[in-house]
Amino acid sequence: MNYDVTVIGSGPGGYVAAIRSAQLGFKTALIEKYNTLGGTCLNVGCIPSKALLDSTEHFHNAETNFKEHGINITGVKPDLAQMIKRKGEVVEQTTQGIDFLMKKNKIDVLHGVGSFVDKNTIKVSGGKEQTITTDKVIIATGSKPSSLPFITIDKKRVITSTEALELKEIPKHLVVIGGGVIGLELGSVYARLGSKVSVVEYMDSIIPTMDVTLSRELKKVLGKIGFEFYLKHKVTEVKGTAKTVTVKAESPKGETIELKGDYCLVSVGRKPYTEGLGLDKVGITTDKAGRIEVNESLQTNLPNIYAIGDVIKGAMLAHKAEEEGVFVAETIAGQKPHIHYNLIPGVVYTWPEVAAVGYTEQQLKEQGRAFKTGSFPFRALGRARASMDIDGQVKVLADKETDEILGVHIIGARAADMIASAVTAMEYRASAEDVSRMSHAHPTYMEAVKEACLAATDNRALHM
Ligand code: FAD
Ligand code: NAD
């Protein structure tokens, strides 16, 4: 069979690239080595983690906040097996949705491992073995969890995010290595169910790539639900037995601490996945971190082969992979698409949620750019008090001269959804005053963005 476009990997990068290619009139194939489509995100990433985060947040509210709302229930107990069963059903429905989209767009789905025979020929092995020819190829093979050289991931006691989504019991003490997104999201799942969660982080803050205001506030809130943090600690040893784990780490003073738990989640980042692709057969180059090298058109060193998503440089985010999938399909069609990488938002789905877009305060200082700051606390919002979600704040950074918004950093209820309005404003290069003069419905959480913009414009927030 001959195709115009063949996509290898069916995660959010790959399946979206396939849909856009088909929309543009290309005869398209999608190769996936697993039985279900959707990649990391739909099967063992974004969707299942959010399903468990939502279930455990309901439990946490029932246990701690309902009484204050005037709802008296006794004997609230978590049923982890049911939570995991529901999560499985959500994943099944979502991945089946991708099957539907492939059929609707007349995309041929080939199950098996895709590997290069030459730059226009791909062998699909594992399932029904076949060889196809293709004009263009889009590599979207994603990433896998990374670890530390001295750690053995036994998948029973020393686990990655994939196993943490399928535990059979609530850990008594979960030791998390890495205070990034996965550690804090999955740590939250179990902390809400009653686990003690100890996070060992190498840097001096949690979520270290985000604005320092957000990491400080998040650390404080997570402390209230059973997290303890060991910042600036270097893990030196991890040992698992049949029922326990022992993690040793070196403190900033050079002392060794020892944490004994029943599970250890290793969440120190992810690495690009290219095994079995046969990149060497065609001479596609990778960088030191193993990422496929691409130019500004996301083209590899072979002009008919493109790469997108977690397997190339940049943030490892589903929506970044999706944008790149659309970008490449449109580039192949001769269009001139554009991705504004600085405006790809980052979200942490803890509660409160954390969301940000644009530059952080630290980045602007490093650039030597003059900026002004406007902040507004959630506790000053009527909406937040009505729902008892008063933790958090919005921080807006704007250019000192022009007032253009350069960064928006939110920690608080519904931050994940609120950040989209900041992306819209920044895409149109709005000033803080532009946003502060737009009507925001009352009472809403979004009023905090308007107030923070007022504060940034001229220190004239109305409700503070
Ligand atoms: P992937 O989704 O990794 O898909 C790659 C696919 O390629 C896989 O299905 C793989 O089987 C297949 N493949 C690999 N090699 C071959 C081959 N040779 N032949 C055939 N098939 C092959 N991001 C967010 O934006 N929001 C979130 O809330 C979020 N939550 C996450 C939670 C967790 C626990 C994890 C682990 C990740 C999360 N992410 C989240 C990150 C997100 O999952 C990734 O950024 C995203 O999946 C990357 O998409 P991709 O298409 O590049 O690759
Ligand atoms: P991460 O990069 O978010 O966090 C890893 C953390 O581990 C960092 O804080 C880092 O400083 C720390 N670390 C590294 N080496 C260490 C060591 N030796 N000892 C102690 N700490 C160490 O990575 P992650 O949490 O594993 O997530 C992987 C990827 O998946 C991320 O790039 C993220 O974008 C993506 N993801 C996104 C979401 C989301 O968008 N909500 C959710 C989950 C995962």
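Coordinate-derived values only; no laboratory data. These numbers were taken from a predicted model, which means no experiment stands behind them. We place every Cβ from the backbone using ideal geometry, glycine too, and count neighbours over all the protein chains shown.
Here the Karplus curve 6.51 cos²θ - 1.76 cosθ + 1.60, taken at θ = phi - 60°, turns the phi angles of the stretch 161-168 into couplings of 4, 4, 6, 5, 7, 9, 5, 8 Hz, with x standing for Gly and Pro.
Magnitude of the charge dipole for the stretch 343-456, about its Cα centre and with charges confined to Cβ atoms of Lys, Arg (+1) and Asp, Glu (-1), is about 220 debye. Here the gap between residue 150 and residue 2, fully extended at 0.36 nm per residue and compared with their Cα-Cα distance, gives a gain of 48.7 nm. Projected label points at residue 196 and residue 64, each 7 Å from Cα along the beta carbon direction, are separated by 1.7 nanometres.
As a proxy for reagent exposure, 217, 57, 228 were ordered by neighbouring Cβ count within 10 angstrom, fewest first; the result is 228, 57, 217. For residue 109, the residues whose amide H sits under 5 Å from its own are 30, ignoring neighbours fewer than 5 places away on the same chain, with H placed 1.01 Å from N.
For the stretch 252-292, GluC sites (Glu not before Pro) meeting the loop criterion (DSSP other than H, G, I, E, B) and having at most 16 other Cβ atoms within 10 Å: 255, 275.
Where both bridge residues fall in the chain, DSSP classifies roughly 60% of the beta bridges as antiparallel. Full extension of the segment from residue 86 to residue 379, taken as 0.36 nm per residue of separation minus the current Cα-Cα distance, would add 102.1 nm.
Can you give the relative contact order of the chain as a percent, counting alpha carbon pairs under 8 Å and 6+ residues apart? Intermediate results must be reported in sequence, preceding the final value.
Values: 1022 pairs, mean separation 66.9, N = 464.
Normalised by residue count, the contact order of the chain is 14 percent.
For the stretch 301-389, the residue among 334, 358, 375 whose Cα projects farthest onto the positive side of the dipole built from Cβ charges is 375.
What is the local net charge at residue 128, summed over the other residues whose Cβ is closer than 14 Å to its Cβ (Lys, Arg +1; Asp, Glu -1)?
Numbers: positive: 33, 123; negative: 32, 108, 129.
That works out to -1.
May I ask you to list, by number, the DSSP H helices of the chain whose Cα span along the axis is at least 27 Å and whose average Kyte-Doolittle hydropathy reaches -0.5 or more? Sorted by number, the helices that extend far enough and score high enough are 80-104. By the Cβ distance rule (another cysteine Cβ under 4.7 Å), the unpaired cysteines of the chain are 264, 453.
Ignoring the sites themselves, what is the longest stretch of the chain with no chymotrypsin sites (Phe, Trp or Tyr not before Pro) in a DSSP loop and at most 10 other beta-carbon atoms within 10 Å? It would help to have the intermediate numbers written out before the result.
Details: sites that count: 150, 428.
Free of exposed loop sites, the longest segment is 151-427.
Working note: Cα atoms of the chain, range along each principal axis, descending, whole Å: 64, 60, 48.
Modelled spin-label separation between residue 363 and residue 387, with each label point placed 7 Å from Cα along the Cα-to-Cβ direction: 2.7 nm. Among 180, 245, 268, flag the residue with its Cα farthest along the positive direction of the charge dipole of the stretch 158-268, charges on Cβ as +1 for Lys/Arg and -1 for Asp/Glu. Towards the positive end, the residue furthest out is 245. For the chain, the Cβ-based charge dipole about the Cα centre amounts to some 860 debye (Lys, Arg positive; Asp, Glu negative; other atoms uncharged). Over the chain, DSSP H runs of length four or greater, each weighted -39,500 (n - 2.57), average out per residue to a 222 nm ellipticity of -10000 deg cm²/dmol. Once amide H atoms are placed 1.01 Å from N in the peptide plane, what residues at a sequence separation of 5 or more from residue 265, or on another chain, have their amide H within under 5 Å of its amide H? The list, which skips near neighbours in sequence, is 159, 175, 176, 177. Any chance you could check the Cα centroid distance between the stretch 203-237 and the stretch 330-387 for me, in angstrom? Centre-to-centre (Cα) distance: 20 Å.
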